[in-house]
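Every number here is computed from the coordinates shown, using simple stated rules; none is lab data. Since the structure is predicted, the reported quantities are computational estimates derived from the model, not experimental observations. Quick reminder, even Gly has a Cβ in these numbers, built from the backbone with ideal geometry, and neighbours come from all protein chains shown.
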Amino acid sequence: MCNKFKYFLAYEHIMPGRRGRHRCPRWVTNVPEVQYFKPAGVPLSSLQAVDLTVDEVEILRLVDIDGLTQEEAAVKMGISRRTLWNDLMSVRKKVAYALVNGQAIHIRGGAYTVAGPDNERRK
């Protein structure tokens with residue numbers, strides 16, 4: 001199975017029927033172990049969820065936690081600075097919406113390839 005097809009299958013559940021050019025895989029060094037975050041005391045079954053992809057969580061980690069500039073984070077992920085900026089604004093909006101409206105956050109899928117801690121890229 002070719003990598004493009006694997007990528008398509010992983011991303012199709014996030015944006016079904018997406019048209020236009022496909023997203024290039026981003027390099028990710030830290031895949032989160034947790035898949036859900038939710039408000040305390042509310043059963044997950046009664047909550048709506050906002051979906052975040054693994055590569056979106058990586059962007060938040062690099063820029064907001066590790067303190068990298070957008071240029072440095074873009075190079076580390078193998079994408080343009082403009083693409084990183086667009087994705088960063090999108091993921092920040094999703095997280096803010098989930099927090100303000102008391103929704104769960106579900107982390108899954110996305111267009112990414114795992115890289116080693118020293119940015120050694122492996123497939």
### Task
State whether the stretch 37-90 is rounded, prolate or oblate according to the following rule on the C-alpha gyration tensor (a ≥ b ≥ c being the square roots of its eigenvalues): a/c under 1.5 gives rounded; otherwise a/b larger than b/c gives prolate, and the remaining case gives oblate.
prolate
### Message
If the only charges are +1 at each Lys and Arg Cβ and -1 at each Asp and Glu Cβ, what is the size of the charge dipole of the stretch 35-123 around the Cα centre, to the nearest 20 debye?
### Response
240 debye
#### Entry: Whole-number percent relative contact order across the stretch 54-123, with pairs defined as alpha carbons under 8 Å at least 6 apart
33 percent
